[in-house]
Amino acid sequence: MFKPTAPLQRNLRRLALTTKMAGKDYYKGTRSGSMGDHTKHGRYLINWNKVRTYRVPEDLSRCTLTPFVATRVERAKGKFTGTRGPIDGAAYLERWKMENGRD
Amino acid sequence: MAATPIVRFTWRNCIIPQADTVLSFLAPSFRPVLCTPQTSIAQFSTSARRYARDPNRNRGVSALRHTGPRRRQTLSVKKEDLPKPVLSRKLKTPVKGDPQHGLWGFFNKDRRLIATPEEDLAHGRAWTVQELRQKSWEDLHCLWWICVKERNRLATEKITREQLKAGYGDFEASERDKTIKLTQRAVRHVLTERWYAWEEARKVARDDEEVDLTAEGEAYIPQIDMDEVELDEELIKDEEFAAETAEPAEPQHGRGRSGKTPQTTNGPIASTVTE
């Protein structure tokens, strides 16, 4: 993963450098992320595992949920009686066995 | 002094002569010509003109340099046939838009430019994590994208308000946006929690005898502990039942059920045994 050139970032903090400044060895990213790998011949090979894909559900119009809940509905905290919390592996497994283990 | 043209004679240009006796019946046009050389004449600056007229009809004509056509040059399109632009706005044909276009998702359902602050203010609170823990993956997926679309709509209206210099409405819209972001945060929290719970369960299942993590056969094979099997008191009094359950069944071990046992063949007896 490429990082911005450290010495310049440290000493010249008052100067907000852009990608176009300070010589060819100064690298500054643009927060777009790494999408592949550089080759020694100057090419860039896209690694499609790194590229983002956005999956939208097909029948979004059928969903009746809204981003909001009525204010009068009280916020209830989760009760995890008999378990160590929401991330309890043993409790998850037991529940899986009861509900989903056998077809 | 004019130079005499140099005749270049190449064998490639010659046609090989054939016997006259064989082809004498042919039409005169097919009669072979004996070694007619195709001459190529070298051109000098002082040579005589090869053509009377310049064969390049488009010499000096450039669309890039806006030279225009040559004098009396005919093109495939005539000036008289060119369509005339409609300058009057009223006479122009109205542009047909697609009412089902996906870009309408960036606007509200009334398709107005901006919503009023009262409309933006009319919202509830964000979902809590506990409320979302009960929801399925499909519901959470849909809810996420509904939040995304609503935020897109709010962002579009924000830009429109800046362009129109509306002067108000930003506060209500930003509050609505914050609430939606809280919902999205809760959705992401629940999914992360679920993943970690699954991961922990997987680690526990590795050491569990009842669970088979390889993809061969059933994943869960319950081991029935006969001591824990609860029997109905009424059935115990029944004599038939007593006769059938005379032989105690051996506890099941390993994969799959081995053969038939009295418990399994005679209807539901134990409440905890699952079939």
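Once the C-beta distance of A:Thr30 and A:Thr71 is scaled by a Förster radius of 30 Å, the resulting FRET efficiency is 0.15 to the nearest 0.05.
Rounded to the nearest 0.05, the FRET efficiency derived from the C-beta distance between A:Arg43 and A:Ala16 at R0 = 30 Å is 0.45.
Of the GluC sites (Glu not before Pro) found in the range B:76-147, none is in coil by DSSP with at most 15 other Cβ atoms within 10 Å of its Cβ. Across the range B:113-206 the C-alpha pair distances fall into 10 Å bins from zero in the proportions 15, 37, 24, 14, 6, 2, 0 percent.
Using unit Cβ charges (K, R positive; D, E negative) and no other charged atoms, how large, in debye to the nearest 20, is the dipole of the range B:157-206 about its Cα centre?
Numbers: 12 positive and 9 negative charges, 65 e Å.
About 320 debye.
Peptide B:140-147 has a mean shielding of 5, counted as Cβ atoms of other protein chains within 10 Å of each residue's Cβ. Lysine pairs in chain A whose alpha-carbon atoms fall under 30 angstrom of each other, counting only those eight or more residues apart or on distinct chains, come to 15. Along each principal axis, taking the top coordinate minus the bottom one, the Cα set of chain A gives 63, 38, 37 Å in descending order. In a fully extended conformation the segment linking B:Ala63 and B:Asp139 would gain 21.4 nm over its present Cα-Cα distance, using 0.36 nm per residue. The simple Förster model, with R0 at 35 Å and r as the Cβ-Cβ distance, assigns B:Arg50 and B:Lys79 a FRET efficiency of 0.50.
When the Cα positions of B:Leu103, B:Leu91, B:Thr74 are compared along the charge dipole of the range B:69-119, B:Thr74 comes out farthest toward the positive end, with charges on each C-beta of Lys, Arg, Asp and Glu.
Just in the range B:157-190: which trypsin sites (Lys or Arg not before Pro) are loop by DSSP and have at most 14 other Cβ atoms within 10 Å? Let's see the in-between values first.
Numbers: sites: B:Lys158, B:Arg161, B:Lys165, B:Arg176, B:Lys178, B:Lys181, B:Arg185, B:Arg188; in loops: B:Lys165.
Loop-located and lightly packed - B:Lys165.
As a length-normalised measure over Cα pairs under 8 Å and 6 or more apart, the relative contact order of chain A settles at 14 percent.
Read-outs: derived from the displayed coordinates by stated rules, not from any lab. All values reported here derive from a predicted model rather than from experimental measurement. Cβ atoms come from the backbone with ideal geometry, glycine included; neighbour counts cover every protein chain shown.
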